[in-house]
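Readers should treat all values here as calculations from the given coordinates under stated rules, not as data from a laboratory. Small disclaimer: the values here were computed from a predicted structure and weren't measured. Please note: Cβ atoms are built from the backbone with ideal geometry, for glycine as well, and neighbour counts cover all protein chains shown.
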């Protein structure tokens, strides 16, 4: 499979993730006190992964997440050049997805229940950046560790890998939404924060570094841990 086709697949997959995942959060809200919206948002992100895994998984591996790509890179599953191409494609896809949401909610006059296109924040951890970093690092560690295990050549999950990965993402969202909004994906955080800034809401950009550093650190630790355990 050519690199260009992989990059296009990653662009599309990340765009869909933001449109359907962040879009659901914008529509129903994801306050921990509002159980319905909370669970719907967690399910939306997880189900997108399931759908995309079986749509583009055979083309690009369906990373649609720089943290996942970093884990694969460290595990020896891709080259540095391809890794860079994946990250650029994912970030552009996330930005496009957030732009689509801005158009839909703007033209339709629908209220954004999150106030920032589904962007992440630190309100749930009382604006404590260290706590936010820890949450994102731990949740991403769990998510990427599951991905590496499911996609390993030694795995015996048959065609259920995409379902396992999607359910794991749903699981980490159930804990993380009330704390940081759950990123575990720098691109997913980048797109909405940037579009929010373009519309005059600069707040999401202030904490954006947490949702880049935390997931990447968690992914790196997961990759190193899995390599050590698999030997």
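Things worth noting here:
- Taking the helices alone, the chain has a mean residue ellipticity at 222 nm of -24000 deg cm²/dmol, built from -39,500 (n - 2.57) per DSSP H run of at least 4 residues and averaged over all its residues.
- Spin-label pair residue 84/residue 167, simplified geometry with 7 Å Cα→Cβ offset, distance in nm: 4.0
- Residue-span extension gain [residue 40 to residue 230] - 0.36 nm each, minus C-alpha spacing: 64.9 nm
- For the chain, the longest principal axis of the alpha carbon atoms and the long axis of helix 3-17 meet at an angle near 40°.
- When the chain is reduced to its Cα atoms, the Kirkwood hydrodynamic radius in Å: 17.2
- Only Cα pairs under 8 Å and 6+ residues apart enter the sum, and on that basis the relative contact order of the chain stands at 30 percent.
- When region 1-84 is reduced to its Cα atoms, the Kirkwood hydrodynamic radius in Å: 13.7
- Calculated FRET efficiency for the pair residue 111/residue 131, C-beta based, R₀ 30 Å, to 0.05: 0.55
- Selected from 212, 87, 39 as most flexible by GNM, with the chain as the system and alpha-carbon contacts under 10 Å: 39
- The chain: angle of helix 80-108 to the longest principal axis, Cα-based, in degrees nearest 10: 30
- Available extension along the chain between residue 2 and residue 59 is 19.6 nm, counting 0.36 nm per residue and deducting the alpha carbon span.
- Averaged over residues, the count of other Cβ atoms within 10 Å places the peptides 94-100, 71-77, 128-134 in the sequence 94-100, 71-77, 128-134, highest first.
- Ordering of 118-127, 9-18, 105-114 by packing [mean C-beta count within 10 Å, highest first]: 9-18, 118-127, 105-114
- Annotation for residue 159 and residue 202: the two label points, set 7 Å from Cα along the Cα-Cβ direction, are 5.2 nm apart.
- The shape of region 185-231 can be summarised by an equivalent ellipsoid whose semi-axes, obtained from the alpha carbon gyration tensor, come to 32, 8, 4 Å from longest to shortest.
- Listed by Cβ neighbour count within 10 Å, with the fewest neighbours leading, 104, 177, 147 appear as 104, 177, 147.
- Pairs of Cα atoms nearer than 8 Å and 6+ residues apart set the relative contact order; for region 79-190 it is 37 percent.
- Relative to the longest principal axis of the Cα atoms of the chain, the long axis of helix 186-198 lies at roughly 30 degrees.
- Which of 38, 54 has the fewest Cβ neighbours within 10 Å, and the rest in rising order: 54, 38
- Sorted ascending by nearby beta carbons within 10 Å, beginning with the fewest, 189, 60 become 60, 189.
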